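Values quoted throughout were computed directly from the atomic coordinates according to the rules given, and no laboratory measurement underlies them. What you are looking at is a predicted structure, and each value in this text was computed from that prediction instead of being measured. Cβ sites come from the backbone with ideal geometry, for glycine too, and all protein chains shown count toward neighbours.
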Amino acid sequence: MRKPFMKRRAMLALALVLLGVGMMLSGLAQAQPAGNSKRILIVTGEDYPGHKWRQTTPVLKSLYGPDPRFHVEVVQDLSKLPSLNLQAYDAVVMHFKNYDPNVPGRKGFDNLARFVKQGGGLVLVHFACGAFQEFKDDFTQLAGRAWNPKLRGHDPHGEFTVNITDRKHPITAGLEDFAITDELYTCLDGKVPIKVLAGAISKVDGKVYPMAFVLNYGKGRVFHCVLGHDVKALSNAGAGRLFRRGTAWTARLTPVARPEK
Ligand SMILES: [Zn+2]
C-alpha cells in the first residue's frame with residue numbers, strides 16, 4: 001500500500017506545480033498586453049459627491065473596448081499614486097478630484113508629472129481639472145487649464161452641442177459636431193499654451209468655452225476633456241470617440257484603430 005500512496009503524492013505534487021506554472025503564465029498574460037497594445041491606467045477613488053466615480057469608472061473603461069490596442073487597468077486608491085510604477089504604462093487617465101491636500105499629495109503629483117515629463121501620456125476627464133488645488137500653479141502647467149472656484153462653474157446641466165473646432169488634428173480629424181447632455185464647464189483658468197480641438201457655446205453668456213484640448217508637457221502629451229459628468233454623458237458616442245482617440249494620441253498610437261467600431 002505504501003508505494004501507490006507515494007505515487008499519488010508525487011502525482012499530486014506534480015499537479016500542484018503545473019497548476020502553479022499555469023497561474024504564473026496566466027498572470028503574466030494579464031500583466032503584459034500582447035503585441036502593440038498600450039497599457040492605460042485609470043486612476044480614480046475620490047471626486048465631488050455628485051460625481052459617482054464608482055458608476056462612471058466602468059463606463060470610462062468600456063470606452064476603450066472598441067479599440068483592441070488598449071489594455072486598461074484601474075486603480076481606485078489615490079494614496080497609491082506616489083508609489084505607482086507609472087513607467088510601466090503608456091498613459092494615465094485622471095478620473096478623480098482629490099479634497100485632501102495630502103492624498104495623493106506632493107509625492108503623488110510629482111510622480112505623475114515626472115511620468116508625463118519623461119514622455120508618458122495623460123488624459124483628464126471632467127472634474128479632474130479640479131484636482132491638486134493645493135499645487136494649483138504646478139498642476140495648471142500639467143493640465144493646461146485648471147478649475148478656478150471663483151469662476152462660474154458650468155451652465156445648468158442640459159443638452160448642448162460640442163463643436164469640433166480643429167478638423168486637422170489627428171484626434172478630431174473626420175469627427176462631426178455632436179449633441180450631448182452634460183455640464184458645459186465655464187470654470188477653467190490658466191495661460192499655458194493649449195491647442196483647442198472642440199468647444200461649446202454657453203447658453204448663459206453666449207461665450208465659447210473649450211471642451212477638449214491638447215498640450216505638451218516635457219516630452220509627454222496631454223489630452224484634457226471636460227465632458228463626462230455622469231454615466232449618461234460618458235455613454236455619449238461623440239464623447240466616447242473623443243476620449244478613445246485622445247487617449248490613443250497621448251499613448252503615441254494612431255488615434256483611430258482601423259477599422260474603428
Ligand atoms: Zn460634473
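If I model a spin label at Lys168 and Arg252 as a point 7 Å from the Cα along the Cα→Cβ vector, what separation in nanometres do I get? Taking the simple label geometry, Lys168 and Arg252 are separated by 2.5 nm. Placing pseudo-labels 7 Å out from each Cα toward the beta carbon at Lys191 and Asn102 gives an inter-label distance of 3.5 nm. In the elastic network of the chain, a GNM with C-alpha springs shorter than 10 Å, the most mobile of Arg244, Arg152, Arg221 is Arg152. This ranking places Ser37, Ser83 by how few other beta-carbon atoms lie within 10 Å of each, fewest first, which gives Ser83, Ser37. Listing His71, His95, His169, His157 from fewest to most neighbouring C-beta atoms within 10 Å gives His157, His71, His169, His95. Take every pair of alpha-carbon atoms less than 8 Å apart whose residues are at least six positions apart; their mean separation over the length of the stretch 184-261 yields a relative contact order of 19 percent. Overall, the stretch 151-261 carries a charge dipole of about 660 debye about its Cα centre when +1 sits on the Cβ of Lys and Arg and -1 on the Cβ of Asp and Glu, all other atoms neutral.
Screening the chain for whole DSSP H helices with an alpha carbon extent of at least 27 angstrom along the helix axis and a mean Kyte-Doolittle hydropathy of at least 0.5 yields 2-31.
Given axes a ≥ b ≥ c from the Cα gyration tensor, I'd like to know whether the chain is rounded (a/c under 1.5), prolate (a/b larger than b/c) or oblate. Prolate, since a/c reaches 1.5 and a/b exceeds b/c. When only Cα pairs below 8 angstrom with a gap of at least 6 residues are kept, the chain shows a relative contact order of 19 percent. Here the Gaussian network model covers the chain, with springs between Cα atoms less than 10 Å apart; of Lys61, Lys207, Lys80, Lys207 fluctuates the most.
Filter the cross-link list Lys117/Lys232; Lys52/Lys107; Lys97/Lys219; Lys117/Lys203 down to pairs whose alpha-carbon distance in this structure exceeds 31 Å. Walk me through the intermediate numbers first.
On the way: Lys117/Lys232 33 Å; Lys52/Lys107 26 Å; Lys97/Lys219 25 Å; Lys117/Lys203 37 Å.
Check vs 31 Å cut-off fails for Lys117/Lys232; Lys117/Lys203.
For the chain, a Gaussian network of Cα nodes joined below 10 Å ranks Val92, Val125, Val192 by mean-square fluctuation, and the top entry is Val192.
Please give the contour-minus-distance gain from Lys219 to Ser202: 0.36 nm per residue of separation, less the Cα-Cα distance, rounded to one decimal in nm. Write out the running numbers ahead of the final one.
Numbers: separation 17, 0.36 × 17 = 6.12 nm, distance 3.38 nm.
My answer for the length gained is 2.7 nm.
At most 16 other C-beta atoms within 10 Å and a DSSP loop state: those are the exposed GluC sites (Glu not before Pro) I care about. Give me the longest piece of the chain that has none. In short, 1-175. Taking other Cβ atoms within 10 Å as a rough exposure proxy, Thr250, Thr186, Thr161 sort from fewest to most as Thr161, Thr186, Thr250.
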